[in-house]
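Throughout, read-outs are computed from the coordinates displayed, never taken from laboratory work. Fair warning: this is a prediction, and the values are worked out from it, not measured in the lab. Ideal geometry is used to build each Cβ from the backbone, glycine not excepted, and the neighbour counts take in all protein chains shown.
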Amino acid sequence: MNYCSQCGQAVSLRVPAGDNRERFVCDACDIVHYQNPNNVAGAILTWEDKVLLCKRAIEPCYGLWTLPAGFMENNESVHQAAARESIEEANAEPGHLSLFGVFSMPYISQVYLMFYGELLSEKISAGIESLDVGLFTQDQIPWDEMAFPVVKHCLELFFEHGVDSGKVHQARFNRLPNREVEIFTEL
C-alpha cells in the first residue's frame, strides 16, 4: 500500500499508538489501514453417494477440479456465501448447510469455512467460473487434478470421517520452502 484511501497522502508501515503490529498508517491524517485475512466459503454438496466438483475456468489453477467455493462478499453470512458460490459455479441448489471444517492458511492470509449439505436436485451445469461440473463417487474423483490442497484435504476428511459425528474439522496449512504444503490437524 502506498497511499491513504481516506485522503490520498502517503502511508508508512509502522506500529500505531496502542497497537502491537506494523500497519499502514497515513502520514497526513493518521488513519490506520488494517489488512485482515480473506474468508473463503465453500461446500461439499452431495447427491446420493456422489460429490459435486467444478472444473475451474479462472486462475489460479485453471482447468483443475475444486469444490464450489470463493471469497465472501460484504453483507452476507458464511452460509449465504457458500450457497451463492454453489449457485454461481455449478447452478446447484444446495439444501441446508452445516459447518464441516475451518481451515487456516496463514501463508496466504486466508481462512476457509467449508460446509456440508445435500443437493436439492441433481440438475447442475457449469457457471461462468467453471469449465465443467460433475457428480463424482469417491473412486471417480480426479485426485491428481485437484486445484487446492485445502480442497483435497477437505474431501479426504469427508470420505474418511463422514458427517455423522457433527464434528467440525480444523487444520492449519503451512507453506514449506520447497513450495509444498504441510497440514497440521488441530483438535
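Checking each residue in the stretch 80-108 for being of a type in the set (Gly, Ala, Ser) and part of a loop (DSSP other than H, G, I, E, B) picks out 92, 95. From the set of residues in the stretch 11-34 that are of a type in the set (A, V, I, L, M, F, W, C) and exposed (fewer than 11 other Cβ atoms within 10 Å of the Cβ), which is nearest to residue 109 (Cα to Cα)? In this case the residue turns out to be 13.
Listed conditions (1) under 21 Å from residue 138 (Cβ atoms); (2) exposed (fewer than 15 other Cβ atoms within 10 Å of the Cβ); (3) hydroxyl-bearing (Ser, Thr, Tyr) are all met by residue 109, apart from (1). Listed by first and then second residue, the pairs with beta-carbon distance under 6 Å, at least 6 apart or on different chains, first residue in the stretch 44-60 and closer than 18 Å to residue 100 by Cβ and touching a residue at least 24 places away in the same chain (Cβ under 8 Å), second of a type in the set (S, T, N, Q) and surrounded by fewer than 17 Cβ atoms within 10 Å (Cβ to Cβ), are 49/137; 50/137.
Please verify whether residue 57 is within 14 Å of the chain's Cα centre (by Cα) and small (Gly, Ala, Ser), treating the condition exactly as stated. Considered against the rule, which asks whether it is within 14 Å of the chain's Cα centre (by Cα) and small (Gly, Ala, Ser), residue 57 comes out as no. Considering every residue within the stretch 65-87, establish whether at least one is β-branched (Val, Ile, Thr) and closer than 22 Å to residue 157 by Cα. Yes: one or more hits. Checking each residue in the stretch 130-170 for being touching a Gly at 6+ places or on another chain (Cβ under 7 Å) and closer than 22 Å to residue 54 by Cβ picks out 131, 154, 157, 169. Screening residue 98 against (1) in contact (Cβ under 8 Å) with a residue 40 or more places away in the chain; (2) buried (at least 18 other Cβ atoms within 10 Å of the Cβ) leaves a single unmet condition, (2).
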